[in-house]
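Working notes, beginning with the structure itself.
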């Protein structure tokens, strides 16, 4: 009987494999993707990133039924689940640079300022993140060489990089689809198209209803904006389905490495809370995408793949500095410096849906060239409508030679860099105290600022309300250790020292106050959940990895360690690169 059951299962597995083979062969041909020419006998890997999901909140989501497929993979022993340390700054650009290239040196935040060139760097600007990638790669091969990258900030040297900021403009999903090819894609995937439509309509109605409710909630005013709801739905649902579909086609093609990133949980958690209904619903949608990718991974065997599911950083519940204290961090600093100084403060709404709208506009522009005159005219109206209604330039341009700034403040969640344009070089604490005598004491004593980090004669010093600590050399502590409230003070000290060693970190590095009793951190942006600095779950993302693969997740102290793992396990580069140099000091 057991023999018969096994034969029946094998027969249906054969039929399933044959079905997927024929289906995805046609699809790959229509969108112009040939089967991989790489050695398909070598195991490949798939990395699925759930942006912003902390280890502890994944466990809670599993218990509450919002991540059933990930839960099954863990419970059945197919994947191991572990917590890891992403390092400072706990931001997507730094972590992805570390994972894909083994180097995130001098990526000090999500946004920062470069005094030597008087340039503002914002990592969601495509040409700026491309410049950063060119620098951090330094000839070091990315882990996605000959592979694919979807909805990432850097491309890891992927041959195909769609919806990836550092490669925006180089490739399109529909670039080889013409005429009846669009109809064929629909006929081959009717249920996927139907699911996209139903989910889109449902999400649109739910978002509209939430906006109506918030009109009557004190302190939660949000303009009733029908257009924003529509565009958010369009970018989130449609692009999410395209990236999942692309990953599935890549598995058919036998692509050696695939890295796809889902943003929607991160976006909802920032504005609604880490365990809000909106955030957990977004996670449940991501879990469905993971199930689809894993199904074809296990049923179609052109190449054997290992599956990794991870987050780049966690998130800690937060209270906005401005909401709690009635002024922004930059306004408080300006107040201490007196009149006559020019203050330039920058923060922003990361609004991933607006960034993804750039990808959508890029795709629509490509489709226009492959339609009839009438079809192209109609699509052009849609594209221009989106361009007119999406805030694609939320923050100022990277540079303006006519703008003068004596003090520059760059906020990234619970982390802020403060720069003084007195000198193009990093300033010592003694120099700052001499020029701005009241500033340091005011910052240290402010309730919303937990740590003030600066440099003095080659040493890194962290200052708190009850003491100071030197982070290198003898590691002297005067008074009470300012890092004692953190679960791993020594790890935090090493990460702060490394961050302060970056050439383009601020003259002062400020971190929002972490309250371990309430589990809340102060954010320098308008967010109810934050990351970037220290304190709480923001520092501890999760990783799920194959049970057959050896990994000591507890020993990981920075995202760069994961690069070493993929290089070692999948023999990606020569031994000369097996242990990438990390300029930690």
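The mean sequence separation of alpha-carbon pairs under 8 Å and at least six residues apart, normalised by the residue count of the range 439-585, gives a relative contact order of 17 percent. The modelled label-to-label distance between residue 135 and residue 377, using points 7 Å beyond Cα along the C-beta direction, is 4.8 nm.
Sorting the segments 237-245, 428-436 by their mean number of nearby beta carbons within 10 angstrom, highest to lowest, gives 237-245, 428-436. Of the peptides 97-110, 459-472, the ranking by mean beta-carbon count within 10 Å, highest at the top, reads 97-110, 459-472. Relative to one another, the C-alpha centroids of the range 135-171 and the range 516-571 are positioned 21 Å apart. Full extension of the segment from residue 277 to residue 212, taken as 0.36 nm per residue of separation minus the current Cα-Cα distance, would add 21.8 nm. At full extension, residue 336 and residue 441 could sit 36.8 nm farther apart than now, given 0.36 nm per residue minus the alpha carbon distance. Inter-part distance, the range 59-89 to the range 268-337, computed on C-alpha centroids, equals 14 Å.
The label point for residue 384 and the one for residue 304, both projected 7 Å from the Cα toward the Cβ, are 5.6 nm apart. When you count the other C-beta atoms within 10 angstrom of each residue and take the mean per peptide, 158-167, 321-330 line up highest first as 158-167, 321-330.
In a fully extended conformation the segment linking residue 201 and residue 117 would gain 25.5 nm over its present Cα-Cα distance, using 0.36 nm per residue.
Every number in this text was worked out from the coordinates using simple rules, so none of it is lab data. All values reported here derive from a predicted model rather than from experimental measurement. All Cβ positions, glycine included, derive from the backbone under ideal geometry; neighbour counts span all protein chains shown.
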